1. Keeping every protein chain in place, order ASP113, ASP59, ASP301 by accessible area at 1.4 Å, biggest value first, i.e. largest first.
2. First compute the accessible area of region 211-309 with a 1.4 Å probe, then give the percent of it belonging to carbon and sulfur atoms.
3. Mind putting a number on the dipole of region 164-309 about its Cα centre? Charges go on the C-beta only, +1 for Lys and Arg and -1 for Asp and Glu, and I need it in Debye to the nearest 20.
4. Give the shape of region 202-241 as rounded, prolate or oblate, defined through the alpha-carbon gyration tensor: a ≥ b ≥ c are the square roots of its eigenvalues, a/c under 1.5 means rounded, and otherwise the shape is prolate if a/b is larger than b/c and oblate if not.
5. Defining a contact as two alpha carbons under 8 Å apart and six or more residues distant in sequence, what relative contact order in percent does the chain show?
6. Keeping every protein chain in place, order LYS132, LYS124 by accessible area at 1.4 Å, biggest value first, i.e. largest first.
7. Over region 246-309, what is the relative contact order in percent, taking alpha-carbon pairs closer than 8 angstrom and at least six residues apart?
8. Cα axis of helix 119-132 to longest principal axis of the chain: angle in degrees, 0 to 90, nearest 10?
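The values are calculated or read from the model by the stated rules, or taken from the named source; none is laboratory data. All of these numbers come straight from a predicted model, not from anything done at the bench. Every residue, glycine as well, gets a Cβ built from its backbone with ideal geometry; the counts of neighbours run over all protein chains shown. Calculation scope for accessible area: heavy atoms of the full protein, side chains included, ligands and nucleic acids excluded. Shrake-Rupley method; radii C 1.70, N 1.55, O 1.52, S 1.80 Å.
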Amino acid sequence: MRIAVTGAFGYSGRYIAARLLEAGHEVITLTNSVGRPNPFGPKVQAFPFHFAEPAKLRDSLQGTEALINTYWVRFNHRLFTHEQAVANTRTLFSAAREAGLRRIVHVSITNPDSRSDLPYFRGKAEVESALKDLGLSYCILRPAVLFGKEDVLINNIAWSLRHLPVFAVFGAGDYRLQPIYVDDLAQAAARHVEGRSDEVIEAIGPETFTYRELVCRIGEVIGVRRPIVSAPPELGYWGSRVLGWFVGDVVITRNEILGLMQGRLAVDAPALGTTRLTEWIAQHRESLGRHYTSEMARRIDRRSAYRSN
């Protein structure tokens with residue numbers, strides 16, 4: 001098939017595109033970063049998103065049979081917002097329908113909630129609803145936390161353990177996470193794009209950690225032991241803000257802290273992924289956390305390739 005993947009020069013989209021090519025499909029990408037190095041060369045043609053010009057977006061999708069969508073934003077910022085991301089995704093879905101696509105695989109999040117006061121999870125629920133009402137065949141994959149060589153969260157926890165004298169968790173740190181390996185997610189997306197039935201799949205990994213356990217396990221494997229202390233969420237937020245000023249990044253937002261503490265990154269469901277985070281960390285212990293990975297740098301610099309950790 002000819003399949004469109006959003007963000008094939010970035011993180012999860014890159015793994016998805018690689019799996020599709022491996023399976024013999026033709027791949028194009030829609031991206032805000034047409035100037036980034038193309039890791040696939042002539043095998044993947046890039047088109048701008050053209051959210052402001054839906055007809056151009058539709059034309060980019062002509063002749064394409066399916067779309068795998070990873071497009072989203074992590075937090076609200078003066079340059080991008082969840083509200084804008086919802087509107088843009090609706091535009092993308094409509095363009096896909098008008099271009100005659102038969103199926104959309106959409107990467108969402110665990111526990112989306114249209115009634116949530118957290119814009120991330122509320123926005124994800126709005127996008128899922130729009131997809132279900134579109135009239136096309138769909139598969140919704142709901143990952144919690146992704147990990148891989150281009151990862152942000154796991155890498156930056158390791159970086160903090162390597163560089164800071166103490167690590168603070170928000171509250172007791174007893175809220176759960178179920179990380180899934182990015183290539184396990186990519187394999188699932190590539191597999192389900194060939195389906196025809198409507199599906200919603202919890203895309204979680206085989207291991208479940210509390211946040212405190214996750215930090216402890218990362219420290220143990222990379223050989224760095226630091227005191228892990230409980231901090232009131234607001235104090236932890238401001239400590240992260242101070243760190244963000246030094247590294248030039250948004251380390252974590254208040255809403256992300258609330259999402260963690262509400263347990264939104266875990267579900268009671270069978271594991272989709274098979275790669276164990278603990279084993280993956282052990283394989284990458286020497287490189288993990290050696291460099292800080294900045295989310296904002298990736299958003300602002302649209303010409304540099306994502307660095308592997």
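1. Order by accessible area, largest first: ASP59, ASP301, ASP113.
2. Roughly 54 percent, rounded to a whole number.
3. 600
4. Since a/c reaches 1.5 but b/c is at least a/b, the shape of region 202-241 is classed as oblate.
5. Averaging sequence separation for qualifying contacts and normalising by length gives 20 percent for the chain.
6. Of LYS132, LYS124, the descending order of accessible area is LYS132, LYS124.
7. Reported as a whole number, the value is 50 percent.
8. Computed tilt is about 30 degrees.
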